[in-house]
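Student: Okay, handing you the structure first.
Throughout, read-outs are computed from the coordinates displayed, never taken from laboratory work. These figures come from a predicted structure and were not determined experimentally. Note: ideal-geometry Cβ built from the backbone for every residue, glycine included; neighbour counts use all protein chains shown.
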Amino acid sequence: MLEPPTGRAVDEGRLPEPIAADEIPDAVPGRSRAIETNDVTLHVVEAGPEDGKLLVLLHGFPEFWYGWHEAIAPLANAGYRVVVPDQRGYNCSEKPPAVSDYRIDELARDVVGLIDAYDRETAAVAGHDWGAAVAWWLALNHESRLSELVAVNVPHPSVFERALRRSWDQRLKSWYMLAFQLPKLPEAVASAGNWRLATNALRDTSAPGTFSDEDLRRYRRAWNRDGAFEAMVNWYRAIVRDRPEPAETEVTVPTLVIWGAQDQFLAHRLAHESVERCADGRLLTIDDATHWVVHEHPHRVADAIADHADPLPPGAR
């Protein structure tokens, strides 16, 4: 049974940030839209046939919708109605001021509202990094709203929590999560020198040539938006302060875990342990990819998503 709608399309003028004329590159067959969901207004990029199977792509930190930009065309061409939001706090979407506004429950309800806004009962959801954390939470707490789950380079929440408690190796890899708990300092350090530290971090932890000068120009613009980087860091502050536990530990939604084996932030074993928490799960490891596998192998990731979540024929829902 479809719950009462919690999301609806609104005029783009309701967005807190203007949409730049070049927000969507010419190669991306999409358009901007504003969606009101769960008491926030989100900017989304949508593409593909309106009657196609709904596929929501969730970006991670420190990205925005653009993190998926090279995967949108192949997925739209495969027949999906592709919806890629700037999640709350990012880029052109609304940026609530309180740390508590970024609790994982709220982030998941934002996506439920997006599904409602597109008048669907279910959607396939794929997430990378923090987007994968939101996708896992959806599968564990709103499983009736997901048809399939794809999680890219972030483990099942119970697996990650266990690793942080028991593994010094993973604690060291996740040192930045504690650093982000400091007030104001992370924002000041990251933005210094025209975001030198942030851009260097992307380039230093990815395969050579992954992030072009144009990519980094777009990221700097998104990070520079009023209140954006503080809101982005608030995701980390909220998860440490709240420390929620999912309603269930086993994922029943058909699940594909995609993992770049050269990830410097997360141990590869966490991918295998995550699949073990799924009733119907499988793992695709991309050996030469890093944490930024969606940027490094966008078409391979798109093909894997399409293979896992077969798009419905036109007209079917």
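Student: Please report Rg (one decimal) and Dmax (integer) in Å for the Cα set of segment 5-148.
Tutor: When restricted to Cα atoms, segment 5-148 yields Rg and Dmax of 13.7, 39 Å.
Student: Separate question: Where does the longest stretch of the chain lie that holds no GluC sites (Glu not before Pro) found in a DSSP loop with 15 or fewer other Cβ atoms within 10 Å? Walk me through the intermediate numbers first.
Tutor: Working: sites that count: Glu50, Glu121, Glu248, Glu250, Glu276.
Between exposed loop sites, the widest span is 122-247.
Student: About the Cα centre, and with charges only on the beta carbon of Lys, Arg (+1) and Asp, Glu (-1), how big is the dipole of the chain? Nearest 20 debye, please.
Tutor: Values: 33 positive and 49 negative charges, 179 e Å.
The calculated dipole for the chain is roughly 860 debye.
Student: Taking the Cα centre of segment 164-266 as origin and charging only Cβ (+1 Lys, Arg; -1 Asp, Glu), how large is the dipole, in debye to the nearest 20? Mind dumping the intermediate values first?
Tutor: Details: 15 positive and 13 negative charges, 75 e Å.
Here the size comes out at about 360 debye.
Student: List every DSSP H helix in the chain whose Cα atoms extend 18 Å or more along the helix's own long axis and whose mean Kyte-Doolittle hydropathy is at least -1.0. Numbers along the way, then the final one.
Tutor: Working: long enough: 104-117 (20 Å, 0.69); 185-204 (22 Å, -0.14); 228-242 (21 Å, 0.09).
Span-like helices, by this rule, are 104-117, 185-204, 228-242.
Student: Taking 0.36 nm per residue of sequence separation and subtracting the Cα-Cα distance, how much length would be gained by fully extending the chain between Asp226 and Glu245, in nm to one decimal?
Tutor: Fully extending the segment from Asp226 to Glu245 adds 3.6 nm.
Student: Cα extents of segment 75-163 along the three principal axes, largest first, in whole Å?
Tutor: Each principal axis gives a Cα extent; for segment 75-163 these are 37, 30, 22 Å.
Student: Also: Counting DSSP beta bridges in the chain, what percent are antiparallel, to the nearest 5?
Tutor: DSSP beta bridges in the chain are roughly 40 percent antiparallel.
Student: Ok, one more. Nearest 20 debye, what's the magnitude of the dipole of segment 1-154 about its Cα centre given +1 on Lys and Arg Cβ and -1 on Asp and Glu Cβ? Show your work: numbers first, answer last.
Tutor: Numbers: 12 positive and 26 negative charges, 41 e Å.
My answer is approximately 200 debye.
Student: Give me, ordered by chain and number, the residues 5 or more places off Leu58 or on other chains with an amide H under 5 Å from its own placed amide H.
Tutor: The answer is Ala126, Gly127, His128.
Student: Next up: Using 1/(1 + (r/R0)^6) with R0 = 41 angstrom and r between the beta carbons of Lys184 and Ser212, what's the FRET efficiency to the nearest 0.05? Display every interim value, and only then the final one.
Tutor: Working: r = 31 Å, r/R0 = 0.75.
Working from the Cβ atoms, E equals 0.85.
Student: Compute the distance from the alpha-carbon center of segment 284-311 to that of segment 80-122, in whole Å.
Tutor: 23
Student: Also, I was wondering about something else. Report, in deg cm²/dmol and to the nearest 500, the calculated mean residue ellipticity at 222 nm for the chain, where each DSSP H run with n ≥ 4 adds -39500 (n - 2.57) and the sum is divided by the residue count. Could the numbers behind the result be given before it?
Tutor: Numbers: 12 runs with 125 residues, N = 317.
After summing the helix terms and dividing by the residues of the chain, the value is -11500 deg cm²/dmol.
Student: Using the beta-carbon distance between Glu121 and Asp280 and R0 = 25 Å, what value does 1/(1 + (r/R0)^6) give for FRET efficiency, to the nearest 0.05?
Tutor: Numbers: r = 20 Å, r/R0 = 0.78.
After rounding, the FRET efficiency stands at 0.80.
Student: Quick query: amide H of Val251 versus all other amide H atoms, modeled in the peptide plane; which residues come in under 5 Å with a sequence gap of 5 or more or a different chain?
Tutor: Placed amide hydrogens put Cys278, Ala279 under 5 Å from Val251.
Student: For segment 139-245, how big is the tail of P(r) above 16 Å, as a whole percent of Cα pairs? All intermediate terms of the calculation are to be shown ahead of the outcome.
Tutor: Values: 3970 of 5671 pairs.
For segment 139-245, the fraction of Cα-Cα distances above 16 Å is 70 percent.
Student: Going through segment 35-124, which trypsin sites (Lys or Arg not before Pro) have at most 15 other Cβ atoms within 10 Å and a DSSP loop state?
Tutor: none
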